[in-house]
Amino acid sequence: MTVPAASFTDFVLGAHILAVVVAFGATFAYPLVFAAARRADPSLMPWLFSVRQRIDRFIVNPGLTIVLIAGIVLASEAHRWGDFFVGWGIGAVIAIGALVGSYMIPREGRLAKVAERDLAAVPAGASGSSPWSEE
């Protein structure tokens, strides 16, 4: 009789860890990418805000869903519902998902539009001053 190399729980744990890395990996690079783009070419900013909105909508939120489902499966399999990290983890996933969905995604769309508007208002050939409005 052969023994499986990995159990169902191992696969769920792998999916849980992978979803965390994929969902949050890009978000740690945002500050560096935006700072470099702002210095190199301000006309990239509307595009970057749109990309960030798409990443949040199509990578972060689905990743959070996988993290939540896999976490529920893992807690159920191990009968760990009474442990602090399970309740805290579920609360954190719900809070982050709500924040991303209700605040970040709409704001990133507005930032892209404001950046396009601000760049369009800059006279051709003007340099030296910041093209960004107070918004």
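The values are calculated or read from the model by the stated rules, or taken from the named source; none is laboratory data. Everything numeric in this text was worked out from a predicted model, so none of it was measured. No Cβ is skipped: glycine too gets one built from the backbone with ideal geometry, and neighbour counts run over all protein chains shown.
Residue 51 - would you say it is under 18 Å from the mean Cα position of the chain (by Cα) and either modelled with pLDDT of 95 or more or of a type in the set (A, V, I, L, M, F, W, C) (or both)? Let's see the steps before the verdict.
Working: under 18 Å from the mean Cα position of the chain (by Cα): yes; either modelled with pLDDT of 95 or more or of a type in the set (A, V, I, L, M, F, W, C) (or both): yes.
Yes.
All but one of (1) more than 11 Å from the chain's Cα centre (by Cα); (2) free of Cβ contacts under 8 Å to residues at least 12 places away in the same chain hold for residue 46, so report the exception by its number.
Every condition holds for residue 46 apart from (2).
Does residue 2 meet the test of being part of a helix (DSSP H, G or I), among the β-branched types (Val, Ile, Thr) and at pLDDT below 95? Break it down into steps so the answer makes sense when it comes.
On the way: part of a helix (DSSP H, G or I): no; among the β-branched types (Val, Ile, Thr): yes; at pLDDT below 95: yes.
So residue 2 does not fit the description; no.
Counting only residues that are touching a residue at least 12 places away in the same chain (Cβ under 8 Å) and touching a Leu at 6+ places or on another chain (Cβ under 9 Å), which one in region 74-92 is farthest from residue 107 (Cα to Cα)? If you could, list the steps in order and put the result at the bottom.
Of the residues in region 74-92, the ones touching a residue at least 12 places away in the same chain (Cβ under 8 Å) are 74, 77-78, 86, 89-90.
Filter again for touching a Leu at 6+ places or on another chain (Cβ under 9 Å), leaving 74, 86, 89-90.
On the way: 74: 34, 86: 30, 89: 26, 90: 25 Å.
Across region 74-92, the extreme among qualifying residues is 74.
Can you find even one residue in region 7-18 that is among the charged types (D, E, K, R) and over 12 Å from the mean Cα position of the chain (by Cα)? Reasoning before the result, please.
Just the residues of region 7-18 that are among the charged types (D, E, K, R), to begin with: 10.
Keeping just the survivors that are over 12 Å from the mean Cα position of the chain (by Cα) gives 10.
Yes, region 7-18 has at least one match.
Do we have residue 55 as touching a helix residue (DSSP H, G or I) at 6+ places or on another chain (Cβ under 6 Å) and touching a residue at least 12 places away in the same chain (Cβ under 8 Å) here? Can you show your working first?
Numbers: touching a helix residue (DSSP H, G or I) at 6+ places or on another chain (Cβ under 6 Å): yes; touching a residue at least 12 places away in the same chain (Cβ under 8 Å): yes.
Criteria met by residue 55.
Can you name every residue in region 38-90 that is among the basic types (Lys, Arg) and under 19 Å from residue 12 (Cα atoms)? Reasoning before the result, please.
Within region 38-90, the first condition is being among the basic types (Lys, Arg), and the residues that meet it are 38-39, 52, 54, 57, 80.
Answer for region 38-90, where residues must be among the basic types (Lys, Arg) and under 19 Å from residue 12 (Cα atoms): just 80.
Collect the residues in region 9-42 that are more than 21 Å from residue 90 (Cα to Cα) and touching a residue at least 12 places away in the same chain (Cβ under 8 Å), keeping them in residue-number order.
Of the residues in region 9-42, the ones more than 21 Å from residue 90 (Cα to Cα) are 26, 28-42.
Answer for region 9-42, where residues must be more than 21 Å from residue 90 (Cα to Cα) and touching a residue at least 12 places away in the same chain (Cβ under 8 Å): 26, 30, 33, 34, 42.
Just to be sure, is residue 9 assigned to a helix (DSSP H, G or I), of a type in the set (S, T, N, Q) and touching an Asp or Glu at 6+ places or on another chain (Cβ under 8 Å)?
Here the answer is yes, as residue 9 does meet what is asked.
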